[in-house]
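The values are calculated or read from the model by the stated rules, or taken from the named source; none is laboratory data. Everything numeric here is computed off the predicted structure, so don't read it as measured data. As a convention, Cβ positions derive from the backbone with ideal geometry for all residues, glycine included, and neighbour counts pool all protein chains shown. To get the accessible areas, we keep the full protein, side chains included, count just its heavy atoms, and leave off ligands, DNA and RNA. Shrake-Rupley method; radii C 1.70, N 1.55, O 1.52, S 1.80 Å.
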Amino acid sequence: MTADSPLLSQRLPCENQADLVFAEPWEAQVFSIIVTLSKAGHFTWAEWVECFAREVAAATAIEARGETPPTYYEQWLAAAEKLLADKGMTSNDQLRARKLGLAAAGTAHVLKNAVRKPIVTA
């Protein structure tokens, strides 16, 4: 992804971005959650970009070591979890409990490494 990517810009992505492609429903969900929460004022898009950029940098370092980095939307999910916890919208304990509950309910096959599932907010 280049620095001029609309998803790393300081502006919210447009609703009708033709280049947005989601391989799985959870990817679209985590994307939508972040855009919606930012539009609602829970955090600025600049705050999101800063948090997400740290995940991208971490994934780049993993790849540089010859290891398999998280996918693009796994990076979104990790950044989302961190930002929402940092903002007090959820806690790490709540996230962990949700992941364990999903795994126990037999949905582990859809979770990356049996722990990835987007956060659903009310």
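Find all pairs meeting these conditions: Cβ atoms under 7 angstrom apart; at least six residues apart or on different chains; first residue within the range 66-92 and in contact (Cβ under 8 Å) with a residue 24 or more places away in the chain and open to solvent by 40 Å² or more (accessible area, probe 1.4 Å); second residue among the hydrophobic types (A, V, I, L, M, F, W, C) and not in a helix (DSSP H, G or I).
Pairs found: 87/43.
If you scan the range 31-54, which residues turn out to be of a type in the set (A, V, I, L, M) and part of a helix (DSSP H, G or I)?
Taking the range 31-54 as the starting set, the residues that turn out to be of a type in the set (A, V, I, L, M) are 33-35, 37, 40, 46, 49, 53.
Those that are of a type in the set (A, V, I, L, M) and part of a helix (DSSP H, G or I): 33, 34, 35, 37, 46, 49, 53.
Quick check on my filter: what residues within the range 47-61 are open to solvent by 40 Å² or more (accessible area, probe 1.4 Å) and either touching a Ser or Thr at 6+ places or on another chain (Cβ under 6 Å) or among the β-branched types (Val, Ile, Thr) (or both)? Please lay out each step first, then the result.
Our first condition is that a residue be open to solvent by 40 Å² or more (accessible area, probe 1.4 Å); within the range 47-61, this holds for 47, 50, 53-54, 57-58, 60-61.
Result: 60, single match.
Taking the range 15-36, which residues are more than 14 Å from residue 77 (Cα to Cα) and at pLDDT 90 or above?
36
Checking residue 113 against (1) at positive phi; (2) open to solvent by 80 Å² or more (accessible area, probe 1.4 Å); (3) at pLDDT 90 or above, which single condition isn't satisfied?
Of (1) at positive phi; (2) open to solvent by 80 Å² or more (accessible area, probe 1.4 Å); (3) at pLDDT 90 or above, only one is false for residue 113: (3).
Among the numbered criteria (1) part of a loop (DSSP other than H, G, I, E, B); (2) out of contact with any Asp or Glu (no Cβ under 9 Å at 6 or more places or on another chain), which one does residue 69 miss?
The failed condition is (2).
Conditions (1) modelled with pLDDT under 65; (2) closer than 25 Å to residue 54 by Cα; (3) touching an Asp or Glu at 6+ places or on another chain (Cβ under 8 Å), marked per residue:
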site	(1), (2), (3)
78	no, yes, yes
85	no, yes, no
94	no, yes, no
97	no, yes, no
101	no, no, no
107	yes, no, no
